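These notes concern the structure reproduced below.
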Amino acid sequence: MYCNRCGHVNPPGANFCSSCGARLERARTEPEPTTTALPAVVVVPGEAREPFQLEPSDLLHGVPSGGGVLVVTRGPGAGSRFVLSPEDSVIVTIGRHPDSDIFLDDITVSRRHAEVSHSDGTFWAHDVGSLNGTYLNRRNIENAPLSSGDELQVGRFRLLFLSGGAL
């Protein structure tokens, strides 16, 4: 394969010229495959109307009694839904680390950003030393109880909390 910039002969399969470093252009015989991702759309009461709307009862489908759900309303992955167990010993981790229970892949989210736990019938949000902070209803928190309808902000993501016993 010849370099279009300097004319150097490069080995087959090379992506860059070994002489000048220019990207090697290949003749295309067929179009490159592309992938298109379409985000889910969820309209939360109080937000601008979109093509369809899910009511809180729809968002709570499959949530155990006493449990809860976090729904991403803003940020990449809007419409994602995370069911929270009503068990007291369960801690749900939120962060950019791939092992997080709620994986939010964005640079504004710390690797280990926040946690949601359940204790004595109440869900709690905890900031675990994140760089950008964790916000509940637009107020910076370290540790705070969650009520149905609260908005939890982690980086650019906004998550609506709904309690299974709220309806």
Taking amide H positions as placed 1.01 Å from N in the peptide plane, with prolines and chain starts having none, which residues 5 or more places from residue 123, or on another chain, fall under 5 Å of its amide H? 146
Can you give the accessible area of residue 103, probe radius 1.4 Å, in Å² rounded to 10? 90 Å²
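The values are calculated or read from the model by the stated rules, or taken from the named source; none is laboratory data. Because the structure is a prediction, the values reported are computed rather than measured. Calculation scope for accessible area: heavy atoms of the full protein, side chains included, ligands and nucleic acids excluded. Shrake-Rupley method; radii C 1.70, N 1.55, O 1.52, S 1.80 Å.
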